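The values are calculated or read from the model by the stated rules, or taken from the named source; none is laboratory data. Values in this document were obtained by computation on a predicted structure and should not be read as measured data. Quick reminder, even Gly has a Cβ in these numbers, built from the backbone with ideal geometry, and neighbours come from all protein chains shown.
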Amino acid sequence: MGDLGWIFISTLLINNFVLAYFLGLCPFLGVSNKLEVSFRLGLATIFVMVVTALCAWILNTYVLIYAPYLRLISFIVVIASVVQLIEMVIKKLSPTLFRALGIFLPLITTNCAILGLAIFATNKGYGLWEGLVYALGAGMGFTLAIVLMAGIRQEVEGANEMPRLIRGFAFNLIISGILSMAFMGFAGLFSSS
Amino acid sequence: MTQKDPKLLIQPGPQLRQQMTTPVVMRDVWYALTPATLAGIWFFGLGALLVLLTCIAGAVLTEWYFAPEEKRGYYIGDGSAILTGWLLGLTLPPALPLWMAFIGGVVAVGIGKTIWGGMGANIFNPALVGRAFLLATFPIAMTTWTAPGDFFTLSSSLFALPLMQSTVDTVTQASPLGLMKFEQIDTPFVDLLFGNTSGSLGETSGLLLILGGIYLWWRRDLDWRIPVGILGTAIIFSSILFLVDADKYPGPIFTTFAGGMLLGAIFMATDPVTSPLTKKGTWIFAVGIGILVVLIRVFGGFPEGIMYAILLMNAATPLIDSYTQPRVFGRELDSK
C-alpha cells in the first residue's frame, strides 16, 4: 500500500479527526440534526481543509522558515481569511447553501479541526501532496462521521422515545461515544502490511 | 375493556392475531442458543456458566431498575433483557472476572438499550455495545483466552475483586484467530466445527450455532439474507485473498468457522431492531459486514472484527434505510 494511500486511509478511518482525536466536535454535535445540512457542512469542511493544507504548506515553505515563532498566529489568520473568502464565494454562487449553513461557516474558521490539521501536517513534516491527501482524508473522515451521526439522530429524534432526562446534548455525546467505540475497530488497519 | 361472559365478542380488529409476539420470538432465540451454550459450558466448565449468569443478572437488574414501576413485569417478561445478557455472555472469555461481566450486562442494557427508549428504539446491538465497552475498558482481561479444561475447576481470576489486579492461574492459550494472525498457525477444522478450541464462551462450536440458525430460519424469526450475505461475502473475499497468497491469509473455511463469525452473523447481525427494513438494504448491510470483518481481521490490529463490523453497519443502518426506500406503488419510476 502506497504512502499516500496509507495517509488517506489512516486519517479517514483510523485517526478519524472527530471519532479518534475528538476535534471538530462543535459542528459534529451542533449541525448533525439534518442529513442534508450535515453533508453540505462536511463538503465545506473538506474544501476548507484542502485549502488550509495548501496555505499551511506555502506558509511553511516560504514564510515560516524565516520566522518560525509566527506559526500559530499566521495559521489562524490565514485560515480565517480563507474561510471569509469561501463564505463570500458561497454567498454569491449558492444563496441556498449559504442559508443552510448560516452561522456554521464562521464556526469552521475557529474550528480546532482546521487548526489541528495545519499543525499536524506541519509536525509530521508532510510535503505538498502528502498534506493535500491528509487534508482530503481528514475532511472526508469528518464528513463520514457527521453523516453517520446525522442519520442516527434523525432516526432517533424522529421517534423521540428517549427518556426526557437524557434528551438533547447528553444523548448526542453518548451516541458519539458508541460511534467512537465502533471506529476503534479500525485501529491498526494496514499498519502491518 | 372486556365483556363479561361474551356470547358475541365485540372488539376492534385485528380479530385474528399472529402468534409471533416479542416474547415468542425471544424464546425461540433462547432455544436456538441453548445447544451452543451448553457446548460452551461443557468445554469451559462451570466458570463459563457463572460468567453467563452474571451477565444475565446485570442485564436483567438494569432493565428492572430503569423500567417504569407498573410495567416491570412486562419489561422483564418479554425476555429481551435475558437474551441481551445471554448474547453478551457468549462473546466473553470464559475466565473473565465476574464483576467485569456484571458491568458488561449493565452497560449493554443501560447504554445499549434503555436510554434509547427501550426495546425497538436502539440503533446499536445492545450486547455488542456492552462488549465493545468491556474491550475498550479492560483490554487485557478481555483477551485472555483459556484453553478448554476440567469441568469443575473454577479459575481464581473469576473472583477477582473489583479494580484489583487478578492473578492469572489458568492455562491460557491464544484463540485460533490470534494464532492465525500473530503466528500463522492453522487450527484443525474438526476442532473449529465442534468447539474444542479456546475463544469466547459461545463462539467455538460452529456446528451447533448453524443448527440454531437453521431452527430460527425454520421458525421464520430470522432473515436468511443477513447470515447468507455476511458469510457469502466473507467467503468470497477471503477466497480471493487466499488464492493470492495461501501462506499469509486464512482460507475461507477458517474465516467462517473461527472466532465469532457464526455467532455474530446468525444471532447478532440479524437483530430486527438494528438491521435495515428493506430487502435491498438488508443485502447492503450484510455485504458491508462481510467486507469489514475480513478487512479488520486480515489487515487490522485486532484478530477479531465481527463485533466492530456489526456496530459500524448498525451505525449506517438509518442511512441505508433512508436511501433504499421502495418506490411508492403507482409512482413514476423517475420521480423522487
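Yes/no per residue for (1) crowded, with 18+ Cβ neighbours inside 10 Å; (2) modelled with pLDDT of 85 or more; (3) in a loop (DSSP other than H, G, I, E, B):
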position	(1), (2), (3)
B:ARG220	no, no, yes
B:ALA265	yes, yes, no
B:SER275	yes, yes, yes
B:GLY290	yes, yes, no
Note to self: For the stretch B:308-324, which positions are under 22 Å from B:SER200 (Cα atoms) and without any contact (Cβ under 8 Å) to a residue 40 or more places away in the chain?
What the structure shows: B:LEU312
Next item on the list: Inspect all residues belonging to the stretch B:295-307 and state whether any of them is touching a residue at least 24 places away in the same chain (Cβ under 8 Å), more than 13 Å from chain A (Cβ to nearest Cβ) and touching a Lys or Arg at 6+ places or on another chain (Cβ under 9 Å).
Entry: no
Notebook entry, point to check: In the stretch A:164-175, is there at least one residue being facing chain B (nearest Cβ under 7 Å), more than 23 Å from the chain's Cα centre (by Cα), modelled with pLDDT of 80 or more and assigned to a helix (DSSP H, G or I)?
Noted result: yes
Notebook entry, point to check: Restricting attention to the stretch A:20-34, does a residue exist that is surrounded by 14 or more Cβ atoms within 10 Å (Cβ to Cβ), under 15 Å from A:ALA121 (Cα atoms), modelled with pLDDT of 85 or more and in contact with a helix residue (DSSP H, G or I) (Cβ under 6 Å, 6 or more places away or on another chain)?
Noted result: yes
Next item on the list: Select, from A:THR96, A:THR52, the only residue that is assigned to a helix (DSSP H, G or I) and over 14 Å from the mean Cα position of the chain (by Cα).
Entry: A:THR96
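Conditions (1) crowded, with 21+ Cβ neighbours inside 10 Å; (2) modelled with pLDDT of 90 or more; (3) among the hydrophobic types (A, V, I, L, M, F, W, C), marked per residue:
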| position | (1), (2), (3) |
| --- | --- |
| B:TYR215 | no, yes, no |
| B:LEU231 | yes, yes, yes |
| B:ASP245 | no, no, no |
| B:LYS248 | no, no, no |
Margin query: Here are the criteria: (1) surrounded by fewer than 21 Cβ atoms within 10 Å (Cβ to Cβ); (2) at pLDDT below 85; (3) within 30 Å of B:MET26 (Cα to Cα). Tell me which single one B:PHE299 does not satisfy.
Written below: (3)
Check: Which of the residues belonging to the stretch A:35-59 are of a type outside the set (A, V, I, L, M), modelled with pLDDT of 85 or more and farther than 24 Å from A:VAL156 by Cβ?
Finding: A:THR52, A:CYS55, A:TRP57
Margin query: Is it the case, given these coordinates, that A:GLU155 is among the acidic types (Asp, Glu) and more than 14 Å from chain B (Cβ to nearest Cβ)?
Written below: no
Note to self: Against the conditions (1) touching a Phe, Trp or Tyr at 6+ places or on another chain (Cβ under 8 Å); (2) within 30 Å of B:ILE115 (Cα to Cα); (3) more than 7 Å from chain B (Cβ to nearest Cβ), where does A:GLY139 fall short? Just the number, please.
What the structure shows: (2)
Notebook entry, point to check: So which of A:PHE98, A:PHE17 ends up being among the aromatic types (Phe, Trp, Tyr), touching a residue at least 60 places away in the same chain (Cβ under 8 Å), away from chain B (no Cβ under 14 Å) and in contact with a helix residue (DSSP H, G or I) (Cβ under 6 Å, 6 or more places away or on another chain)?
Noted result: A:PHE17
Notebook entry, point to check: Do you know which of the residues in the stretch B:105-128 that are more than 8 Å from chain A (Cβ to nearest Cβ) and aliphatic (A, V, I, L, M) is surrounded by the fewest Cβ atoms within 10 Å (Cβ to Cβ)?
Noted result: B:MET119
Check: How many of the residues in the stretch B:281-294 are within 12 Å of chain A (Cβ to nearest Cβ) and within 18 Å of B:PRO126 (Cβ to Cβ)?
Finding: 1
Note to self: Out of B:LEU262, B:LEU241, B:LEU231, I need the residue that is within 12 Å of another protein chain (Cβ to nearest Cβ) and out of contact with any Pro (no Cβ under 6 Å at 6 or more places or on another chain). Which one?
What the structure shows: B:LEU241
Notebook entry, point to check: Among the residues of the stretch A:142-152, which ones are aliphatic (A, V, I, L, M) and within 9 Å of chain B (Cβ to nearest Cβ)?
Noted result: A:VAL147, A:LEU148, A:MET149, A:ALA150, A:ILE152
Next item on the list: Hey, can you tell me all the residues within the stretch B:298-315 that are in contact with a helix residue (DSSP H, G or I) (Cβ under 7 Å, 6 or more places away or on another chain), part of a helix (DSSP H, G or I) and of a type outside the set (Phe, Trp, Tyr)?
Entry: B:VAL298, B:ILE306, B:MET307, B:ALA309, B:ILE310, B:LEU311, B:LEU312, B:MET313, B:ALA315
